[in-house]
Amino acid sequence: MNTITMSMNVDGLILQALREDITSEDITTNAIMKKYQEGSVQLICKQDGIIAGLPVFERVFHLTDPKTEVFLFVEDGAEVKNGQQIGEVHGDIRVLLSAERTALNFLQRMSGIATYTHESAKLLEGTKTKLLDTRKTTPNMRVFEKYAVKVGGGYNHRYNLSDGVLLKDNHIAAAGGITQAINLAKEYASFVRKIEIEVENMDMVKEAVEAGADIIMLDNMSIDEMKEAVAYINGRTLTECSGNVTKETIKDLAQIGVDYISSGALTHSAPILDLSLKNLKAV
């Protein structure tokens, strides 16, 4: 995550999270720490996984107090082990205590997504199929969660509604049908944007191909139906399958031969990676 992305899109969200946790003051810390005292605390991994979000973790402390120093011993994307020390934070003990939970919340959430994505993407090794995320992200956490998917070895689908055309069932109903929806999208959208459409059966597949869709999403179809659809499409469009895709179902879906598999579970169902700040001491 580069500095431009951090300053333009991330800093405000981090400050919002910090303000959520400290609406007036940190009563506990202020009660036991009456004045400045320099200290340090260790960042410890309590579970095997893939680390993601270290720049965000560091930024939480810098926004709380720019003089805080964060020393990181690994980089995003590294495999980490239970019990491994992966960093250390030095600074005002009041800052270490007040920013601890917010920093860990971001890091645990992002690392959990990267770990789940890594485990899922490994199931597609040896195939042409790429694993995509979706827009099923936590409100105000999309920039963090989609970054974590990439760290874990997945790919991003469209970032938001302004990013691309995806005609789903309700869009098709509103337009009056598949052909009408595709024609209206082509007329309105810039020529550089691809038109993707969601289909649920072979009749819809055939109409979408004839109408000139660029990408056809096979949604909640059986494996046999999707195989038939891929054979019919025969490379005339890109293909994507979606619908209740989890780590447990990806291996079966890989045999279909689609270009992409999209899974909302990467962001909405990944458990956190357990991390902790321990061994705080005055220095």
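The values are calculated or read from the model by the stated rules, or taken from the named source; none is laboratory data. Note that the coordinates shown come from a computational prediction; the quantities given were computed from them, not determined experimentally. Heads up, the Cβs are rebuilt from the backbone with ideal geometry, glycines too, and the neighbour counts pull from every protein chain shown.
Which condition number does Gly176 fail, the rest of (1) modelled with pLDDT of 95 or more; (2) closer than 30 Å to Glu75 by Cβ; (3) out of contact with any Asp or Glu (no Cβ under 6 Å at 6 or more places or on another chain) being met?
Condition not satisfied by Gly176: (2).
Could you list all residues from segment 229-252 that are in contact with a helix residue (DSSP H, G or I) (Cβ under 7 Å, 6 or more places away or on another chain), at pLDDT below 95 and either more than 22 Å from Thr115 (Cα to Cα) or not hydroxyl-bearing (Ser, Thr, Tyr) (or both)? Spell out the reasoning first.
Applying the first criterion (in contact with a helix residue (DSSP H, G or I) (Cβ under 7 Å, 6 or more places away or on another chain)) to segment 229-252 yields 229, 232-233, 236-237, 239, 241, 245-247, 250, 252.
Imposing the further condition that a residue be at pLDDT below 95 reduces the set to 245-247, 250, 252.
Selection gives Val245, Lys247, Ile250, Asp252.
Residues Met204, Met226, Met221: which one is part of a helix (DSSP H, G or I), in contact (Cβ under 8 Å) with a residue 12 or more places away in the chain, out of contact with any strand residue (DSSP E or B) (no Cβ under 6 Å at 6 or more places or on another chain) and not assigned by TED's automatic domain parsing to the domain that holds Arg109?
Details: Met226 fails: out of contact with any strand residue (DSSP E or B) (no Cβ under 6 Å at 6 or more places or on another chain); Met221 fails: part of a helix (DSSP H, G or I).
Selected residue: Met204, the only one of Met204, Met226, Met221 that is part of a helix (DSSP H, G or I), in contact (Cβ under 8 Å) with a residue 12 or more places away in the chain, out of contact with any strand residue (DSSP E or B) (no Cβ under 6 Å at 6 or more places or on another chain) and not assigned by TED's automatic domain parsing to the domain that holds Arg109.
Pairs please, first residue from segment 136-161 and closer than 15 Å to Ser242 by Cβ, second anywhere and assigned to a strand (DSSP E or B), Cβ atoms under 6 Å, 6+ apart in sequence or on different chains.
The qualifying pairs are Gly154/Leu131; Tyr155/Lys130; Tyr155/Leu132; His157/Leu132; His157/Ser262.
Please list, ordered by first then second residue, the pairs with beta carbon atoms under 6 Å, 6 or more apart or interchain, first in segment 35-60 and free of Cβ contacts under 8 Å to residues at least 40 places away in the same chain, second of a type in the set (S, T, N, Q).
Asp48/Asn82
For segment 27-45, what are the residues that are loosely packed, with under 15 Cβ neighbours inside 10 Å and part of a loop (DSSP other than H, G, I, E, B)? Walk me through it before giving the result.
The first filter runs over segment 27-45 and keeps only residues loosely packed, with under 15 Cβ neighbours inside 10 Å, leaving 27-28, 30-32, 34-38.
Residues satisfying the conditions are Lys34, Lys35, Tyr36, Gln37.
Among the acidic types (Asp, Glu), touching a residue at least 12 places away in the same chain (Cβ under 8 Å) and within 22 Å of Gln255 (Cβ to Cβ): is that true of Glu196 in this structure?
Working: among the acidic types (Asp, Glu): yes; touching a residue at least 12 places away in the same chain (Cβ under 8 Å): yes; within 22 Å of Gln255 (Cβ to Cβ): no.
Criteria not met by Glu196.
If you take the residues in segment 125-158 that are of a type in the set (A, V, I, L, M) and either in a helix (DSSP H, G or I) or within 13 Å of Ser263 (Cα to Cα) (or both), which one is farthest from the chain's Cα centre (by Cα)?
Among residues in segment 125-158 that are of a type in the set (A, V, I, L, M) and either in a helix (DSSP H, G or I) or within 13 Å of Ser263 (Cα to Cα) (or both), the one farthest from the chain's Cα centre (by Cα) is Leu131.
Give the residues of segment 234-269 that are of a type in the set (Val, Ile, Thr) and surrounded by 20 or more Cβ atoms within 10 Å (Cβ to Cβ), sorted by residue number.
Result: Thr237, Thr239, Val245, Ile250, Ile256, Val258, Ile261, Thr267.
If you check Gly87, Gly83, Gly112, Gly53, which single one turns out to be surrounded by fewer than 19 Cβ atoms within 10 Å (Cβ to Cβ), closer than 23 Å to Ala148 by Cβ and modelled with pLDDT of 95 or more? Full working, then the answer.
Values: Gly87 fails: surrounded by fewer than 19 Cβ atoms within 10 Å (Cβ to Cβ); Gly112 fails: surrounded by fewer than 19 Cβ atoms within 10 Å (Cβ to Cβ); Gly53 fails: surrounded by fewer than 19 Cβ atoms within 10 Å (Cβ to Cβ).
Every option except Gly83 fails the conditions.
Of a type in the set (Val, Ile, Thr) and not in a helix (DSSP H, G or I), is that true of Ile182?
So Ile182 fails the test.
Can you find a residue that is without any contact (Cβ under 8 Å) to a residue 24 or more places away in the chain, assigned to a loop (DSSP other than H, G, I, E, B) and closer than 30 Å to Ala52 by Cα anywhere in segment 249-259?
Yes: segment 249-259 contains one or more residues that are without any contact (Cβ under 8 Å) to a residue 24 or more places away in the chain, assigned to a loop (DSSP other than H, G, I, E, B) and closer than 30 Å to Ala52 by Cα.
Just to check your reading of the model, which residue among Val70, Val74 is assigned to a strand (DSSP E or B), surrounded by 13 or more Cβ atoms within 10 Å (Cβ to Cβ) and without any contact (Cβ under 8 Å) to a residue 40 or more places away in the chain? It would help to see each step written out before you state the result.
Working: Val74 fails: assigned to a strand (DSSP E or B).
Among Val70, Val74, only Val70 is assigned to a strand (DSSP E or B), surrounded by 13 or more Cβ atoms within 10 Å (Cβ to Cβ) and without any contact (Cβ under 8 Å) to a residue 40 or more places away in the chain.
What about Thr64, is it more than 21 Å from Lys150 (Cβ to Cβ) and crowded, with 20+ Cβ neighbours inside 10 Å?
Spelling it out, Thr64 is indeed more than 21 Å from Lys150 (Cβ to Cβ) and crowded, with 20+ Cβ neighbours inside 10 Å.
Check segment 159-167 and report whether any residue there is over 30 Å from His118 (Cα atoms), among the aliphatic types (A, V, I, L, M) and either outside the structural domain of Leu132 (by TED's automatic domain parsing) or out of contact with any helix residue (DSSP H, G or I) (no Cβ under 7 Å at 6 or more places or on another chain) (or both).
no
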